[in-house]
Amino acid sequence: MADKALIQALVEAWGPSGHEYMVRALIESYVRELADELRVDNAGNLICRMGGGGKKIMIAAHMDEIGLVISALDKPGFARFTMTGGLILLSLIGNRVRFADGTIGTIGIEGNALFPTEMPTIRQLFIDFSMNSENGGTVRVGDHAALTRELAVRGDRLIAKSMDDRIGCAVAIEAMRALKGKSLPNELYFVFTTQEEVGSRGARVAANSIAPDYGITLDVTATGDTPKNNRMAVRLGGGAAIKVVDSGHIVPPAIKELMIRRAEAAGVRYQLEVLSGGTTDASAIQTALSGIPSGVISIPCRYVHTTSETVDINDVQACIDLLVALLEQPFEV
Ligand code: CO
Ligand code: ZN
């Protein structure tokens with residue numbers, strides 16, 4: 001079953017968009033022995049090649065997580081912020097953020113936080129550095145932060161702040177481990193991308209420079225399996241989600257069909273994903289150069305973009321198995 005220690009290290013690492021360097025160093029430590037060639041490009045993507053000859057396939061998983069940046073200091077010990085990526089304002093009050101140097105802040109709201117009367121706007125929120133005589137506060141305008149929370153394990157369910165998309169990174173690393181030493185019929189580029197949460201900026205650069213024949217993106221997707229939520233067929237424990245469509249990407253039917261065929265041949269549990277809000281790096285890869293046909297293997301995840309993103313380890317393993325089944329054989333679309 002998927003390596004929980006690997007997942008824990010990845011989800012607890014710090015890496016808001018544009019500041020993926022700690023996550024990249026961590027991933028590098030896992031993949032250095034697995035890749036035939038490894039480089040970091042100008043956008044900060046970590047690109048790992050395995051094998052040569054056959055079709056060129058780019059596998060993308062993003063290293064960054066949603067976060068925020070200090071926009072102005074307020075009274076001593078307090079600061080205002082703007083978002084990098086889609087923070088859910090309703091989920092922020094009382095949550096903690098962490099800066100690169102380890103400084104912790106708590107998000108508060110103007111007025112009486114015990115009895116908020118309306119939806120918060122970002123203009124009403126602030127960060128409280130709990131400043132006192134020993135803690136003067138070192139934070140400056142322009143400093144970036146990410147939400148902070150430890151991994152929790154409840155049986156098969158894993159809960160963390162950044163399953164989006166460190167769990168995709170874990171799936172990629174586990175697939176690299178499984179493919180190591182095999183004679184590969186395709187030229188694989190595992191790309192750990194930057195700045196997905198602000199518009200897939202890293203993936204676009206990587207797709208343009210690698211010029212793959214096909215793209216496969218690994219990312220989380222939402223589920224419809226919580227109370228009074230039956231608008232989506234994906235559920236935790238239902239297997240790997242094969243994307244059909246999201247708000248930025250219509251998967252070419254031939255790629256979707258290939259994924260279904262390979263899942264069925266390999267005995268991998270799968271479900272079909274129709275996501276009405278949100279998209280992935282595949283939206284950028286599909287429109288790079290003259291168009292790169294792209295598919296997505298999604299890890300089902302509850303409470304995406306909160307500190308309690310929840311996945312099922314059996315789904316994670318199904319995603320690894322499906323990815324390996326796709327990559328260890330000729331890519332016959
Ligand atoms: Co996201
Ligand atoms: Zn994501």
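The values are calculated or read from the model by the stated rules, or taken from the named source; none is laboratory data. Since the model is a prediction, treat every value here as computed from it, not as a measurement. Counting neighbours? That spans all protein chains shown, and the Cβs are built from the backbone with ideal geometry, glycine included.
Here's the yes/no breakdown for (1) surrounded by fewer than 19 Cβ atoms within 10 Å (Cβ to Cβ); (2) within 18 Å of residue 226 (Cα to Cα); (3) within 16 Å of ligand 1 (Cβ to nearest atom):
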| site | (1), (2), (3) |
| --- | --- |
| 241 | no, yes, yes |
| 248 | yes, no, yes |
| 255 | no, no, no |
| 260 | yes, no, no |
| 264 | yes, no, no |
| 268 | no, no, no |
| 272 | yes, yes, no |
| 277 | yes, yes, yes |
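Please tell me if residue 272 is in a helix (DSSP H, G or I) and over 24 Å from residue 64 (Cα atoms). Here the answer is no, as residue 272 does not meet what is asked.
For the stretch 36-80, give me the residue count where each residue is surrounded by 23 or more Cβ atoms within 10 Å (Cβ to Cβ) and polar (S, T, N, Q). Of the residues in the stretch 36-80, 1 are surrounded by 23 or more Cβ atoms within 10 Å (Cβ to Cβ) and polar (S, T, N, Q).
Suppose we filter the stretch 98-117 for residues that are assigned to a loop (DSSP other than H, G, I, E, B), of a type outside the set (Ser, Thr, Tyr) and modelled with pLDDT of 80 or more; how many remain? Show your work before the answer.
Step one: list which residues in the stretch 98-117 are assigned to a loop (DSSP other than H, G, I, E, B), which gives 100-103, 110-117.
Still in the list and also of a type outside the set (Ser, Thr, Tyr): 100-102, 110-116.
Subsequent filtering for residues that are modelled with pLDDT of 80 or more retains 100-102, 110-111.
Total satisfying the criteria: 5.
Of the residues making up the stretch 248-267, those that are among the hydrophobic types (A, V, I, L, M, F, W, C) and in contact with a Gly (Cβ under 7 Å, 6 or more places away or on another chain) are 251, 255, 259.
For the stretch 194-209, residues that are within 16 Å of ligand 2 (Cβ to nearest atom), aliphatic (A, V, I, L, M) and surrounded by 24 or more Cβ atoms within 10 Å (Cβ to Cβ) total 2.
Only residues that are closer than 21 Å to residue 201 by Cβ and either more than 16 Å from ligand 2 (Cβ to nearest atom) or not in a loop (DSSP other than H, G, I, E, B) (or both) were counted in the stretch 45-56, giving 3. Residues in the stretch 162-193 that are among the hydroxyl-bearing types (Ser, Thr, Tyr) and away from ligand 2 (no atom under 12 Å from the Cβ) were compared, and the one that is farthest from residue 30 (Cα to Cα) is 183. Listed by first and then second residue, the pairs linking a residue in the stretch 189-202 that is among the β-branched types (Val, Ile, Thr) to a residue that is assigned to a strand (DSSP E or B) and more than 14 Å from ligand 1 (Cβ to nearest atom), with Cβ atoms under 9 Å apart and 6 or more places separating them unless they lie on different chains, are 191/46; 191/47; 191/48; 191/58; 191/59; 193/46; 194/46.
Scanning the stretch 177-230 for residues that are within 22 Å of residue 250 (Cα to Cα), part of a loop (DSSP other than H, G, I, E, B) and within 16 Å of ligand 1 (Cβ to nearest atom) turns up 195, 199, 200, 222, 223.
All told, residue 222 meets the bar of being within 16 Å of ligand 2 (Cβ to nearest atom) and under 19 Å from residue 298 (Cβ atoms).
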